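Novice: Take this structure, written in structure tokens, and hold onto it; I'll ask about it next.
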Amino acid sequence: VCVYVPNGQDLASDRYPYKLAWFQRLRAYLDRTATPDQPLALCGDMNVAPDDRDVWSPEKWQGSIHVSAPERAALAEVAAFGLTDVFRHHHGDEKLYSWWDYRGVAFFKNQGLRIDLIYLTQPLVARCTACTIDRNARKGQDASDHAPVVATIDQ
């Protein structure tokens, strides 16, 4: 399942509650269409940094979109379906990011967020040998503000 979660814009925006409701609909979709014992990958731009390890400066981002407690709780409820964040599974507390704002040369200062995520059910976690963030893809001319996240899954 490949997703782009709505950004939410700002905590005071009417788009923010829409984002939270979107996560509820995603969880309901998973409950309706799959089971945790089936091989399932949920990947994409989640527009949420799951925890403070995924934020270059939690203090500077406190009270902002992408890091609010309700967003994190909504994402955690989706993961509670039976999904594992395979980047964290392979990298523990390592602070690597998948998104950097274009302003203020944030990429070159490594002032990013990890908001592009790959979640797997246990049958795929057992076969996942690696999960990486390809920072080199972010370095090119006219590159996206996101770097690809890649999971390697054995047959």
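The values are calculated or read from the model by the stated rules, or taken from the named source; none is laboratory data. All values reported here derive from a predicted model rather than from experimental measurement. Here Cβ is always computed from backbone atoms with ideal geometry, including for glycine, and neighbour counts include all displayed protein chains. Accessible surface areas use protein heavy atoms only, side chains included; no ligands, DNA or RNA. Shrake-Rupley method; radii C 1.70, N 1.55, O 1.52, S 1.80 Å.
Novice: Between Asp145 and Arg53, what is the label-point separation in nm under the 7 Å Cα-to-beta-carbon projection?
Specialist: 2.6 nm
Novice: Sticking with this structure for a sec: Over 14 Å apart: what share of the alpha carbon pairs of the range 25-79 falls there, rounded to a whole percent?
Specialist: Above the 14 Å cut-off, the range 25-79 has 57 percent of its Cα pairs.
Novice: With a Förster radius of 22 Å, plug the Cβ-Cβ distance of Cys2 and Gln122 into 1/(1 + (r/R0)^6) and report the FRET value to the nearest 0.05.
Specialist: Working: r = 20 Å, r/R0 = 0.91.
E between Cys2 and Gln122, to the nearest 0.05, is 0.65.
Novice: Using amide H atoms built 1.01 Å from N in the peptide plane, name the residues 5+ places from Ile118, or on other chains, whose amide H lies under 5 Å from its own.
Specialist: Those qualifying (amide H under 5 Å, at least 5 residues apart or on another chain) are Val86, Phe87.
Novice: Among the chymotrypsin sites (Phe, Trp or Tyr not before Pro) within the range 10-85, which fall in a DSSP loop and have no more than 15 other Cβ atoms within 10 Å of their own Cβ?
Specialist: Details: sites: Tyr18, Trp22, Phe23, Tyr29, Trp56, Trp61, Phe81; in loops: Trp56, Phe81.
The qualifying sites: there are none.
Novice: Can you show me the helix-derived [θ] at 222 nm for the chain, built from DSSP H runs with n ≥ 4 at -39,500 (n - 2.57) apiece and divided by the number of residues, rounded to the nearest 500. List each step's numbers first, then the result.
Specialist: Values: 6 runs with 48 residues, N = 155.
So the helix-based figure for the chain works out to -8500 deg cm²/dmol.
Novice: Averaged per residue, what accessible area in Å² does the chain show with a 1.4 Å probe, protein chains only? Let's see the in-between values first.
Specialist: Details: 8090 Å² over 155 residues.
Per-residue accessible area for the chain comes out at 52 Å².
Novice: Once the piece of chain linking Thr152 and Gln62 is laid out straight, how much longer is it, given 0.36 nm per residue of separation minus the C-alpha distance between them? Numbers along the way, then the final one.
Specialist: Details: separation 90, 0.36 × 90 = 32.40 nm, distance 3.31 nm.
Full-extension gain reported as 29.1 nm.
Novice: At 0.36 nm per residue, and after removing the present C-alpha to C-alpha distance, how many nm does the segment from Thr35 to Asp93 gain when stretched out fully? Intermediate results must be reported in sequence, preceding the final value.
Specialist: Details: separation 58, 0.36 × 58 = 20.88 nm, distance 2.85 nm.
Answer, rounded to one decimal: 18.0 nm.
Novice: Same structure again: In nm, what is the difference between 0.36 nm times the number of residues separating Asp134 and Ala73 and their Cα-Cα distance?
Specialist: Values: separation 61, 0.36 × 61 = 21.96 nm, distance 2.72 nm.
Here the segment from Asp134 to Ala73 would lengthen by 19.2 nm.
Novice: Could you work out, for the chain, what percent of all Cα-Cα pairs fall into each 10 Å distance bin, beginning at 0 Å and stopping at the bin that holds the largest distance?
Specialist: The calculated distribution, bin by bin, is 11, 40, 36, 12, 1.
Novice: Could you tell me the distance between the Cα centroids of the range 1-66 and the range 88-143, to the nearest Å?
Specialist: Going from one Cα centre to the other spans 15 Å.
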